[in-house]
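S.K.: The following block contains the structure, expressed as structure tokens.
The values are calculated or read from the model by the stated rules, or taken from the named source; none is laboratory data. Worth saying up front: this structure is predicted, and the values here are computed from it rather than measured. In this analysis, Cβ positions are derived from the backbone assuming ideal geometry, glycine residues included, and neighbour counts consider all displayed protein chains.
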């Protein structure tokens, strides 16, 4: 294995270094956006890149924090911080524990072989989600790009002090209840504790509430009018300069990452001239150390509300990574190993979380850069992680002088770039295949818009779930309608027979009814089939059910078939089955439809055998009458 890794040393070194340089500004920006600070983004990029490459199943993949993973992480972090008195430090063990859990779930998905099924997630769900990610990043970065931070707006914070006092009093009462000292006759202890609450404590709680009020897309839009009255023009100029350089430099050359150029130029000018800008949070120097509080302060109750969110992070990371793996396969003409890739991503995310990093996934742009620069083996991804570690150790204090507005500008371009314009452009041209009253619409467009809107203004996790449910229901409705349409119910005289039915005796066409089953008989297509017994002509005494094109029979279809056969038996109608495939036959044998309702002598391998039985056993009753 090690020999294979070093077969392309020069190309992998160049690829890894180039990808690491591209990853640097994005890692810092995603760390700030997540709410954990730039160092968390850098730690995530270092450990995920190295270990996902080492243990993963895509040789050229470069992993690290990505826009979708950061957007979901932001929700997790904000939620846990809010229930920990607004203290990131206090909430950190629980946050990182959720991230570790997500990584372990990814490993589990890989071990269970789920990787090959990720491709079945409908495109409209992915499209709506990616566009929502872009909207979230774009809208939430407007405030820092104009230098407005809600918790620092004293007049805005003042409005939350009454609510802050209510929350603090509620906490006191809950504490007393837990200690068994809260009684109605005597509130002396409550009064004593309330008097110990200082203005600083109330102000801190009010700032947390103000920050929560302004979080997310809806929150940012709510406070935007106020923010526009408090624009910090220097911060806005720095952000706009960053955006202009990023887009402008791309037109000059794409061989050098424009985000890095913008970061160096704008930060260098701002620092060199001595501008009074707002820098990012301090990046700790030295090698990252594991956060042992994750284990020493472990409480199951702190993560149980976030288990579903952790699963969403795991699935999102899996989708993000495997989509990038497909891109890498197309460029390198290789074949990735999806389940091994999930295990590698899970290991990378778990280790990154132990060291305080945000979760990530395979990053398409960084992977493409790596391949174009010559990267071919796992070594390229490992080198990218090592380079970022060297930058952290050598340039940590210098990186701490980067203006916050510069990273906001970088994130705005990321938000614009991550939207699925291909899906958005296709909206007017998608076929209107669904109907609600007099209105026709495209089911796929509806799914995409529902996921996009709900993800943007409500909850990323639930929105994807709602989108998958709607997509599944609409798919089942389409398949049911299609199956019912193809499996038409007509007498032999009215229905266009199959080729081998051309020689069917003319005198028996009133006595024999042929039913063609085309496609699966499942819970979405049973309603039409249920009417079969009522639609058979009164003259028919024999029903032939041709099953050669019915590949699948689920439990709902099985019991519907059983009910129809029982009705036919009560009406003294013989039922003949032709070309019963393996899975449907197995299902019918499980509930004894075969041989109790349909004896073996009434099951034929082909229509020719069935026709022979009909000629010998079915009489022309109409002629007799």
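S.K.: Only one residue in 381, 423 is assigned to a helix (DSSP H, G or I), farther than 26 Å from residue 56 by Cα and outside the structural domain of residue 475 (by TED's automatic domain parsing). Which one?
M.R.: Numbers: 381 fails: farther than 26 Å from residue 56 by Cα.
Going through 381, 423 in turn, the sole match is 423.
S.K.: Does segment 249-270 include one or more residues that are outside the structural domain of residue 458 (by TED's automatic domain parsing), closer than 29 Å to residue 150 by Cα, crowded, with 19+ Cβ neighbours inside 10 Å and within 28 Å of the chain's Cα centre (by Cα)?
M.R.: Looking through segment 249-270, at least one residue is outside the structural domain of residue 458 (by TED's automatic domain parsing), closer than 29 Å to residue 150 by Cα, crowded, with 19+ Cβ neighbours inside 10 Å and within 28 Å of the chain's Cα centre (by Cα).
S.K.: Out of 208, 177, report the one residue that is modelled with pLDDT under 70 and either outside the structural domain of residue 88 (by TED's automatic domain parsing) or under 26 Å from residue 89 (Cβ atoms) (or both). Explain how you work it out, then say what you get.
M.R.: On the way: 208 fails: modelled with pLDDT under 70.
Only one candidate passes the filter, namely 177.
S.K.: Same structure, new question: Could you check segment 506-517 and list, in sequence order, the residues that are closer than 14 Å to residue 544 by Cα and either in contact (Cβ under 8 Å) with a residue 24 or more places away in the chain or in contact with a helix residue (DSSP H, G or I) (Cβ under 6 Å, 6 or more places away or on another chain) (or both)?
M.R.: At the first step, the residues of segment 506-517 found to be closer than 14 Å to residue 544 by Cα are 508-517.
Hits for segment 506-517 are 508, 510, 511, 512, 513, 514, 515, 516, 517.
S.K.: Still on this structure, please answer the following. Does residue 294 qualify as being at negative phi, in a helix (DSSP H, G or I), surrounded by 12 or more Cβ atoms within 10 Å (Cβ to Cβ) and in the same structural domain as residue 391 (by TED's automatic domain parsing)?
M.R.: Working: at negative phi: yes; in a helix (DSSP H, G or I): yes; surrounded by 12 or more Cβ atoms within 10 Å (Cβ to Cβ): yes; in the same structural domain as residue 391 (by TED's automatic domain parsing): yes.
Answer is yes for this residue.
Let's see how each residue does on (1) over 18 Å from residue 60 (Cβ atoms); (2) outside the structural domain of residue 63 (by TED's automatic domain parsing); (3) surrounded by fewer than 16 Cβ atoms within 10 Å (Cβ to Cβ):
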{"site": "304", "(1), (2), (3)": "yes, no, yes"}
{"site": "311", "(1), (2), (3)": "yes, no, no"}
{"site": "320", "(1), (2), (3)": "no, no, no"}
{"site": "324", "(1), (2), (3)": "no, no, no"}
{"site": "333", "(1), (2), (3)": "no, no, yes"}
{"site": "342", "(1), (2), (3)": "no, no, no"}
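S.K.: Here's a follow-up. Go through the residues of segment 39-60 one by one and say whether even a single one is farther than 19 Å from residue 284 by Cα, surrounded by fewer than 24 Cβ atoms within 10 Å (Cβ to Cβ), free of Cβ contacts under 8 Å to residues at least 40 places away in the same chain and touching a helix residue (DSSP H, G or I) at 6+ places or on another chain (Cβ under 7 Å).
M.R.: No, segment 39-60 contains no residue that is farther than 19 Å from residue 284 by Cα, surrounded by fewer than 24 Cβ atoms within 10 Å (Cβ to Cβ), free of Cβ contacts under 8 Å to residues at least 40 places away in the same chain and touching a helix residue (DSSP H, G or I) at 6+ places or on another chain (Cβ under 7 Å).
S.K.: A follow-up question, please. Are any residues in segment 8-38 more than 26 Å from residue 246 (Cα to Cα) and in contact with a helix residue (DSSP H, G or I) (Cβ under 9 Å, 6 or more places away or on another chain), and if so, which ones?
M.R.: Taking segment 8-38 as the starting set, the residues that turn out to be more than 26 Å from residue 246 (Cα to Cα) are 8-12.
Passing the criteria: 8, 9, 11, 12.
S.K.: Name the residues in segment 143-169 that are out of contact with any helix residue (DSSP H, G or I) (no Cβ under 6 Å at 6 or more places or on another chain), part of a helix (DSSP H, G or I) and within 13 Å of residue 226 (Cα to Cα), would you?
M.R.: 152, 154, 155 - these are the residues of segment 143-169 that are out of contact with any helix residue (DSSP H, G or I) (no Cβ under 6 Å at 6 or more places or on another chain), part of a helix (DSSP H, G or I) and within 13 Å of residue 226 (Cα to Cα).
S.K.: Against the definition (surrounded by 13 or more Cβ atoms within 10 Å (Cβ to Cβ), modelled with pLDDT of 85 or more and either over 19 Å from residue 46 (Cβ atoms) or touching a strand residue (DSSP E or B) at 6+ places or on another chain (Cβ under 9 Å) (or both)), how does residue 423 come out, yes or no? Walk me through it before giving the result.
M.R.: Values: surrounded by 13 or more Cβ atoms within 10 Å (Cβ to Cβ): yes; modelled with pLDDT of 85 or more: no; either over 19 Å from residue 46 (Cβ atoms) or touching a strand residue (DSSP E or B) at 6+ places or on another chain (Cβ under 9 Å) (or both): yes.
So residue 423 does not fit the description; no.
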